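Trainee: Dropping the structure in here first, questions after.
The values are calculated or read from the model by the stated rules, or taken from the named source; none is laboratory data. In this text the structure is predicted, and so the values were computed from the model without any measurement. Reconstructed Cβ throughout: ideal geometry from the backbone, glycine too, with neighbour counts over all protein chains shown.
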Amino acid sequence: MIVVDLGFGDAGKGATVDWLCANGSVSAVVRFNGGAQAAHNVVADGRHHRFAQFGSGTLAGVPTLLSRHMLVEPMALAAESVALAGLGVPDPLGLLNIDGDALLTTPIHVAANRAREDARGAARHGSCGMGIGETAAYALEHDSPRVADCQDIPRLTRRLDALARHYAPLIGDRVGTIGELVSLYREFAAAVRIVGPDTLATFAARGRLVFEGAQGVLLDEWRGLHPHTTWSTVEPRHARAMITALGERPYVLGVTRTYMTRHGTGPFPTEDPALALPEPHNSTGEYQGAFRVGHFDPILLRYAIEACGGIDGLSVTHLDQHANVQSATAYLTDDGVIDSVHCGPWQDLAHQKHLTRRLTSARPVLEDLPTDAADAIAARLRVPVALTAHGPDRADRVRTTLVGAAG
């Protein structure tokens, strides 16, 4: 099963994954995109954790596989492991499996990301400031450090030296010496299980797999509203490919709140600062900017479903918090009234930039969202509801109809 956020993130993916893992049938949570910038909040059995790189099934004792599509930040992983141990998870690192081909996010990438975003001033893109874009961009043209390099110190040293030289004009030597980094990464390699591509099939033979996405489809590197996007493929093509290679049919579960949210800058047609909705786990970020809320937007969510290549079911969260929330039926734009937007060809950034310009000044036409919001959302998105959430806790989730085996 693939769990993917249909919006701009923060819809409740982590809590959905935690619930799917709670019955003991899941052999592993597979992270298929993103990196240390994820913030998947899980509340269960009196415990709360904001998952970044560990899979959100960890409180249920489910192992994590960080796939080759992840960007791995070892120092943040170590800190997250300590936090999980403090919540009573025995040996969190023992639950962790990392594909050796995954890219490393280093302090050099993080410093470069922040320097570049600071230089944009008021034109910031809304970066998390965690080095994600720099990690992905550098790897397009260079031999970038990867997790397996932590077991090959000469190769790791060469790649870190080249990385530091590349970014020296932007950040100087503000992140310390290469020797210090090499020492830290050697300890990291000794503490975790670095695996190869066969590990996925091994976990699949033991039980069900849950593929946990990060961010939201509307932030996807190719399908999102540029330039306010992430350097990551959020829509589930990579997860689908991994599942199909196992001989399974992927089941895609799309997650949405009963209202829309967005962190930081970028188009948000239904935004309404007057919506007084409690938000205990999200706040203004130094680099992301403010946490914004708005009315339910089936126009953008249907766009996200199209970007995913279709989905099989919905997980609708925050059903306890939709008082005064309305639903968009159309947008008033400079091109007239529109009630749908569509994807261009994959990797067509010109289309995405045009869509961004079109939506920046769009104003929504709103109607009331019925009391039975889940049914109304299913009708507007033309997808059945499989799971509902009426609060933040694992116990607040109700299964409606849910299918899908190993995939």
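Trainee: Output the residues belonging to the range 294-316 that are part of a helix (DSSP H, G or I) and either among the basic types (K, R) or in contact with a strand residue (DSSP E or B) (Cβ under 7 Å, 6 or more places away or on another chain) (or both).
Mentor: P298, I299, L301, R302, I305
Residues are listed down the side, and each one gets a yes or a no for (1) buried (at least 21 other Cβ atoms within 10 Å of the Cβ); (2) within 28 Å of L359 (Cβ to Cβ); (3) touching a residue at least 12 places away in the same chain (Cβ under 8 Å):
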site	(1), (2), (3)
T177	no, no, no
E180	no, no, no
D198	no, no, no
T202	no, no, no
R206	no, no, yes
G213	yes, yes, yes
L218	yes, yes, yes
L225	yes, yes, yes
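Trainee: Taking the range 361-386, which residues are assigned to a strand (DSSP E or B) and either of a type in the set (A, V, I, L, M, F, W, C) or not assigned by TED's automatic domain parsing to the domain that holds A328 (or both)?
Mentor: Those that are assigned to a strand (DSSP E or B) and either of a type in the set (A, V, I, L, M, F, W, C) or not assigned by TED's automatic domain parsing to the domain that holds A328 (or both): V365, L366, V385, A386.
Trainee: Starting from residues that are surrounded by fewer than 22 Cβ atoms within 10 Å (Cβ to Cβ), in a loop (DSSP other than H, G, I, E, B) and not charged (D, E, K, R), keep the ones in the range 35-51 and report whichever is nearest to the chain's Cα centre (by Cα).
Mentor: Of the residues in the range 35-51, the ones surrounded by fewer than 22 Cβ atoms within 10 Å (Cβ to Cβ) are 39, 41, 43-48, 50.
Pick out the ones that are also in a loop (DSSP other than H, G, I, E, B) and you get 39, 45-46.
Cutting the leftovers down to not charged (D, E, K, R) gives us 39, 46.
Numbers: A39: 8, G46: 24 Å.
Restricting to residues being surrounded by fewer than 22 Cβ atoms within 10 Å (Cβ to Cβ), in a loop (DSSP other than H, G, I, E, B) and not charged (D, E, K, R), the top hit is A39.
Trainee: Shifting gears a bit: Only one residue in G309, G313, G336 is more than 23 Å from H228 (Cβ to Cβ), assigned by TED's automatic domain parsing to the domain that holds F8 and within 21 Å of the chain's Cα centre (by Cα), so which one is that? Can you show your working first?
Mentor: On the way: G309 fails: more than 23 Å from H228 (Cβ to Cβ); G336 fails: within 21 Å of the chain's Cα centre (by Cα).
Just a single option satisfies the conditions, and that option is G313.
Trainee: Another question, then. Being loosely packed, with under 15 Cβ neighbours inside 10 Å and assigned to a helix (DSSP H, G or I) is the filter here, so list the residues in the range 152-161 that pass it.
Mentor: Within the range 152-161, I153, P154, D161 meet the criteria.
Trainee: Also, I was wondering about something else. Kindly evaluate T356 against the criterion of being buried (at least 16 other Cβ atoms within 10 Å of the Cβ) and outside any helix (DSSP H, G or I). Can you show your working first?
Mentor: Numbers: buried (at least 16 other Cβ atoms within 10 Å of the Cβ): yes; outside any helix (DSSP H, G or I): no.
Answer is no for this residue.
Trainee: Among the residues of the range 227-242, how many are surrounded by 23 or more Cβ atoms within 10 Å (Cβ to Cβ) and touching a Pro at 6+ places or on another chain (Cβ under 8 Å)? Write out each step before concluding.
Mentor: First, the residues of the range 227-242 that are surrounded by 23 or more Cβ atoms within 10 Å (Cβ to Cβ): 229-230, 232, 234-236, 239, 242.
Checking the rest, the ones that are also touching a Pro at 6+ places or on another chain (Cβ under 8 Å) come to 236, 239.
Final tally of qualifying residues: 2.
Trainee: So, E367, is that one under 20 Å from P236 (Cα atoms), of a type in the set (D, E, K, R) and touching a residue at least 24 places away in the same chain (Cβ under 8 Å) or not? Spell out the reasoning first.
Mentor: Values: under 20 Å from P236 (Cα atoms): no; of a type in the set (D, E, K, R): yes; touching a residue at least 24 places away in the same chain (Cβ under 8 Å): yes.
No, not satisfied.
Trainee: Still on this structure: I'd like the full set of residues that are assigned to a loop (DSSP other than H, G, I, E, B) and in contact (Cβ under 8 Å) with a residue 24 or more places away in the chain, limited to the range 317-339.
Mentor: Residues satisfying the conditions are H318, L319, D320, Q321, H322, N324, V325, D334, D339.
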